[in-house]
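Down below is the structure, laid out as C-alpha cells.
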Amino acid sequence: MDVKSDFSLQEFNTLAVPAIAERFVICQTLEELKSVIALAQEEAQRWRILGGGSNVVLGDLLAGYTIKLELLGKTRVSEAHDEVLIDVGAGESWHKLVEYCVLHGWQGIENLALIPGSVGAAPIQNIGAYGVEVCQFIDKVTALNSETMKVETLDNTQCQFAYRDSLFKKRQGKKYIVLSIRLRLHKKTKLQLAYPALQEALIDTPKPTARDVFSKVIEIRKSKLPDVVETPNAGSFFKNPVISQEKYAILKSRYPEMPAFEQSDRSYKIPAAWLIEKSGWKGKGFEGVKVHEKHALVLTNPCRKPGSAILALAEKIKADVANNFDISLEQEPQNFY
C-alpha cells in the first residue's frame with residue numbers, strides 16, 4: 001500500500017481543480033481499503049473516497065487521507081431467458097460498462113452512455129439521462145459500513161433512490177462505501193425512447209436496437225457537452241428543480257415559453273438550463289470559470305481555477321435564478337474539503 005504525501009489531484013478530477021491531497025492512496029482490494037481507514041482512525045485523521053472525480057468540487061488542500069477506490073471486476077451472476085444479473089466493481093468506468101453490456105446484448109442502461117465517472121458513483125447520484133435512471137436496473141448495492149467495518153448488502157428499496165438522490169447522499173448513509181453493484185438487465189428489446197431529443201435522433205431508424213440508442217446518445221452528448229479532456233467540467237452542475245403546481249401556474253403565465261415536465265404527484269420539473277440561460281448566464285463567466293456556450297447547465301474551468309472560483313460563479317447563478325424565478329437551484333457535484 002503506497003501512501004503519497006502532498007499529492008496533486010488535478011488529473012484526478014474532471015474540473016481540473018489544482019487541489020492537493022495531504023495523503024493519497026489507491027486501494028484495489030477491500031483489505032487495503034479497511035487498512036487505510038484503520039490507519040486514518042488511528043492517526044485521528046479525516047478520510048474521503050474519490051471515485052472518477054467527475055462529480056466533485058475540490059478544495060485547495062484535502063487534509064487527511066484521500067482514497068482512490070479501484071475495485072474492478074464484472075461477473076455474470078445468473079442468466080435466464082429474458083434477463084441477466086451482473087455484479088460490477090465500484091472502480092470500473094461507467095461508460096465502459098455500458099458499452100460492455102450493449103456488446104453482450106444486455107439492455108437497459110444504453111441511454112446512460114458517455115456519463116463520466118465510476119460505477120461506484122452511479123447509485124450514489126442515481127445517475128440519469130434521456131429518460132432513464134440507473135435505479136431502474138439496480139438489484140442491490142454491496143457496501144462497506146465504515147462504522148462497523150462490515151460489508152452489507154442493500155436492496156433497491158433500502159437505497160432510497162430518488163431524482164439524483166439516494167441513501168448514500170444522506171447523513172445516515174454517509175457511512176457506506178459502495179464496493180459493487182448488481183444490475184438486472186433485459187435480454188429482450190425493451191428500449192426507452194420517450195425522451196424527445198432521442199426520438200428526433202432516431203427518426204430515420206424505424207426499428208432501433210440498443211446499439212442504435214447507445215450510438216445516438218453518444219452523438220447527442222458530444223454535440224451538446226464539452227469533452228472533459230479539452231474543457232474541464234463536471235457535467236450538469238445543478239439539478240433540475242421541481243416546483244409546485246401553484247408556482248408553475250404563476251411562472252407559466254409570465255413565461256409561456258417555459259418548458260416543464262409534469263411529475264406523478266402533479267408537481268413540475270423545470271430545466272435548470274432554461275432558468276440559467278433566461279437569467280443571462282449562458283456563455284458568460286466569472287473569474288476564469290465559464291458557463292458553457294452550448295449548454296447552460298455545464299460550468300467549465302478552462303483556466304484550471306481553484307474550486308472556490310467555481311463555487312463563486314455557482315452562487316452568482318443561484319442568486320440570479322432565485323431573484324428572477326423564486327426558485328432555488330441545488331448543486332449536483334459534492335464539495336470536497
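The values are calculated or read from the model by the stated rules, or taken from the named source; none is laboratory data. What you are looking at is a predicted structure, and each value in this text was computed from that prediction instead of being measured. When we count neighbours, we look across all protein chains shown, and the Cβ atoms used for this are built from the backbone with ideal geometry, even at glycine. For the accessible areas, the whole protein counts, side chains as well, though only heavy atoms, and no ligand, DNA or RNA atoms are used. Shrake-Rupley method; radii C 1.70, N 1.55, O 1.52, S 1.80 Å.
Among Trp274, Trp47, what's the order by accessible area (1.4 angstrom probe), most exposed first?
My answer, sorted largest first, is Trp47, Trp274.
Check cross-link reach from Lys239 to the aspartates and glutamates: straight Cα distance under 15 Å, and skip same-chain residues fewer than eight apart.
The reachable aspartates and glutamates, counting only those whose Cα sits under 15 Å from Lys239, are Glu133, Asp165, Glu277, Glu315, Glu330, Glu332.
I'm spelling it out carefully: the read-out is P(r) over Cα pairs in 20 Å bins from 0, in percent, the candidates are [x] 29, 59, 12, 0; [y] 34, 62, 4; [z] 32, 60, 8, 0, and one was derived from this structure. Which label?
This structure yields the entry labelled [x].
Residue by residue through the stretch 163-172, what is 3J(HN,Hα) from phi via Karplus (6.51 cos²θ - 1.76 cosθ + 1.60, θ = phi - 60°)? Round to whole Hz and write x for glycine and proline.
4, 6, 8, 6, 3, 5, 9, 8, 4, 6
Mind ranking Arg76, Arg304, Arg48, Arg182 by accessible surface for me, highest first, 1.4 Å probe?
Largest accessible area first, the residues go Arg76, Arg304, Arg182, Arg48.
Sequence gap at least 6, Cα distance under 8 Å: using those rules, report the relative contact order of the chain to the nearest whole percent.
Relative CO of the chain lands at 17 percent.
Please give the calculated 222 nm ellipticity per residue for the chain, where each DSSP H segment of at least 4 residues contributes -39500 (n - 2.57) and the sum is spread over every residue; nearest 500 deg cm²/dmol?
Counting only the DSSP helices, I get -7500 deg cm²/dmol.
Highest mean first, what order results for 292-299, 52-59, 201-208, 30-37 on Cβ atoms within 10 Å?
Peptide ranking by packing, descending: 52-59, 292-299, 30-37, 201-208.
Please list, ordered by chain and number, the residues whose modelled amide H lies under 5 Å from the amide H of Gln263; skip anything fewer than 5 residues away on the same chain.
Sorted by chain and number, the residues that satisfy this are Tyr268, Lys269.
Tell me the relative contact order for the stretch 187-337 as a rounded percent, counting alpha carbon contacts under 8 Å between residues six or more apart.
Taking the mean separation of contacting Cα pairs over the length of the stretch 187-337, I get 22 percent.
Keeping every protein chain in place, order His104, His81, His186 by accessible area at 1.4 Å, biggest value first, i.e. largest first.
Per-residue accessible area, sorted high to low, gives His81, His104, His186.
Could you work out the local net charge near His95, counting Lys and Arg as +1, Asp and Glu as -1, over the other residues with Cβ closer than 13 Å to its Cβ?
-1
Quick check for me: using +1 on Lys/Arg Cβ and -1 on Asp/Glu Cβ, what's the dipole size of the chain about its Cα centre, in debye to the nearest 20?
The dipole of the chain has a size of about 520 debye.
Counting Lys +1, Arg +1, Asp -1, Glu -1, what net charge surrounds Gln158 among other residues with beta carbon under 11 Å of its beta carbon?
-1
Relative contact order (percent) for the stretch 132-221, with alpha-carbon contacts under 8 angstrom and 6 or more residues of separation?
27
Apply the Karplus curve 6.51 cos²θ - 1.76 cosθ + 1.60, θ = phi - 60°, to the phi angles in the stretch 321-329 and return the couplings in whole Hz, x for Gly and Pro.
In residue order, the calculated couplings are 5, 5, 5, 7, 10, 6, 10, 8, 7 Hz.
Over the stretch 196-271, average the accessible area per residue using a 1.4 Å probe and give it in Å², no decimals.
59
Cross-link list Lys170/Lys284; Lys282/Lys318; Lys175/Lys318; Lys4/Lys169; Lys224/Lys290; Lys140/Lys224: which exceed 21 angstrom alpha carbon to alpha carbon?
Those over the limit are Lys170/Lys284; Lys175/Lys318; Lys4/Lys169; Lys140/Lys224.
Residue farthest toward the positive end of the dipole of the chain, with Cβ of Lys/Arg at +1 and Asp/Glu at -1: which of Ser328, Val228, Thr157?
Of the options given, the answer is Ser328.
List the aspartates and glutamates whose Cα sits under 12 Å from the Cα of Lys150, skipping any in the same chain fewer than 8 residues away.
Glu31
In square nanometres, what is one fourth of the surface area of the convex hull spanned by the alpha carbons of the stretch 203-253?
Answer in nm², one decimal: 6.7.
What does the charge count around Lys222 come to, taking other residues whose C-beta lies under 14 Å from its C-beta (Lys +1, Arg +1, Asp -1, Glu -1)?
+1
Sort 152-159, 216-223 by packing, meaning the average of other beta carbons within 10 Å per residue, with the highest value first.
Packing proxy ranking, top to bottom: 216-223, 152-159.
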